[in-house]
Amino acid sequence: MHSTPTPVPASLHHGADDDRVRALRAHASGLEQELAKMRTAQSAAPSPIGQVPRVVDGSGPHGAGCFIVIGFPIGVDARNSQRRQLLREIWMPEYRNIGKTVCVQFIIGLLTYQGDGHDDETVERLFREQSRYGDLALVNAREPTRDPYRGDPKCTGEKIVGWFQQLVVTHRDARFVIKADWDTWIHTVKLEANLRHLAKANTSAYFGNTLWCSYSVADYQPCGYGFGPLQAAGARKTECPLLPHGRDAVGPFPYAAGLFWGLSYDVVRWIAGSRLVYDFAHNASARFEPPYWIKGEDSAFGFFVHISAFTTLTPLHWGWNVVHDGWHYRSERERGLCTQNVSSRSIVVHSMHTVADFELARQQFRERCDAACERTIEPFEVSGLKDLCERNPNIPTVYSKCVNAGFKAATAASSLLVEARRRPRCQSVGENVPFIAAKSEGGTITCN
């Protein structure tokens, strides 16, 4: 079913001449071979595609003109490097707005999971890769450690916080910021059409496909998961108390699932500049037993939105026909509510593992989404706070934010009053105030 993967020039998109594609495939080497070459000589000859832009980061050298910024959290080893190249070779040339109004970055921590700088070989590889492509977001954060219970290392939340702190300056003119997993295919032309429609509302936005949980802030872990608020409310009572501080867990609240979620720029800026988020990230990342913040990074951002200054902001649920796992990439045992075939409604498909999987995703989107499909607006299944709270009379009793949409205060949920650690006021004392020393030595700084 899967054809031999081969690179296709950016000029061959929907409606491309079949004979030209067949001729190219007859004479071009396979993408697997190109990726193997990249592993041994990343700075060698120009890209086999020939159309991968030098800087896939907006129409200008600093990202000017980006309506959407998409970030893929990704690691530094050979497997992660291969995945970046795969996305550059197969996905980036496919859509005309990538590198123009849609900017793409690969988010990489500058530190190992232990807080050390990367070794010389890694630094050299990243330098050469950034010099060639310019699409790495190198942030002051750690790469994840391997959790033996979760398989591959997962993204660390501190990487996303660090990325947000960069973006608010480097992409000040962006309207939306997307976090996506590295095994995700996004139809960026259709995405942009839909987000330009959403932007007309001129409101803050958080969107994706929603799940529910609570968050034990003192344990830096989510708990009490559910597909909906009532299920999550029940799980909060039974599951969260199993954590050391879980009885005080905040929630339940909705968050956007990690395969793909997005925020409007104003919400990103709040998270990047929030004292509470700073304290949370600093304290969560300072732990080593259990390891620092590697669990529940996506739910933590839902928690940030939940307790943020945006009192009526709740995730917009796009629906599992629009954002979903791919049917062909999941085993029969793994298929469920989240797993669908690519259709004319699809914008995001997730869970590709091989080059052939990405080739298949490209083929299916080409076949099933024509020019009219690209312009089609896919409505959100849950369009806002009031819509959500009206769906069941019991939802306002467990979801604290419903009070901000005119409902009675929740009786079975935690308070939204989570405060950042208070900062003391500091002043110099003593005669020798230019120096920070013991007061008996002439000068120090005291904080009240």
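The values are calculated or read from the model by the stated rules, or taken from the named source; none is laboratory data. Given the structure is predicted, the values throughout are model-derived calculations rather than measurements. Every residue, glycine among them, receives a Cβ derived from its backbone with ideal geometry; neighbour counts consider all protein chains shown. Only protein heavy atoms, including side chains, enter the accessible area calculation; ligands, DNA and RNA are left aside. Shrake-Rupley method; radii C 1.70, N 1.55, O 1.52, S 1.80 Å.
Quickly run through the stretch 265-285 and pick out the residues that are over 14 Å from residue 159 (Cα atoms) and not charged (D, E, K, R). Within the stretch 265-285, 265, 267, 270, 273, 274, 276, 283 qualify.
How about the stretch 317-336: which of its residues are open to solvent by less than 10 Å² (accessible area, probe 1.4 Å) and either assigned to a loop (DSSP other than H, G, I, E, B) or more than 21 Å from residue 255 (Cβ to Cβ) (or both)? Correct list: 318, 319, 322, 326.
Every residue, every condition in (1) on the phi > 0 side of the Ramachandran plot; (2) assigned to a strand (DSSP E or B); (3) surrounded by 20 or more Cβ atoms within 10 Å (Cβ to Cβ), yes or no:
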| site | (1), (2), (3) |
| --- | --- |
| 214 | no, yes, yes |
| 234 | no, no, no |
| 237 | no, no, no |
| 256 | no, yes, yes |
| 270 | no, no, yes |
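Scanning the stretch 116-125 for any residue that is of a type in the set (A, V, I, L, M, F, W, C) and modelled with pLDDT of 85 or more turns up at least one such residue. Among the residues of the stretch 364-416, the ones that are surrounded by fewer than 14 Cβ atoms within 10 Å (Cβ to Cβ) and in a helix (DSSP H, G or I) come to 4 in all.
The condition of being free of Cβ contacts under 8 Å to residues at least 24 places away in the same chain, within 30 Å of residue 374 (Cβ to Cβ) and open to solvent by less than 40 Å² (accessible area, probe 1.4 Å) holds for only one of 339, 314, that being 339. Total residues in the stretch 155-196 satisfying the condition of being open to solvent by less than 20 Å² (accessible area, probe 1.4 Å), of a type in the set (Val, Ile, Thr) and out of contact with any Gly (no Cβ under 6 Å at 6 or more places or on another chain): the figure is 8.
Here is a check on your reading of the model: is residue 261 among the aromatic types (Phe, Trp, Tyr), buried (at least 16 other Cβ atoms within 10 Å of the Cβ), modelled with pLDDT of 90 or more and part of a helix (DSSP H, G or I)? The answer is no for residue 261.
Filtered by the rule that a residue be open to solvent by 10 Å² or more (accessible area, probe 1.4 Å) and assigned to a strand (DSSP E or B), the stretch 348-363 gives a lone residue, 350. For the stretch 99-125, enumerate the residues that are open to solvent by 50 Å² or more (accessible area, probe 1.4 Å), assigned to a helix (DSSP H, G or I) and without any contact (Cβ under 8 Å) to a residue 60 or more places away in the chain. Passing the criteria: 120, 121, 123, 124. Of all the numbered requirements in (1) over 18 Å from residue 195 (Cα atoms); (2) more than 16 Å from the chain's Cα centre (by Cα); (3) open to solvent by 40 Å² or more (accessible area, probe 1.4 Å), residue 276 misses one, and that requirement is (3). Given the structure, is residue 207 modelled with pLDDT of 95 or more and assigned to a strand (DSSP E or B)? So residue 207 passes the test.
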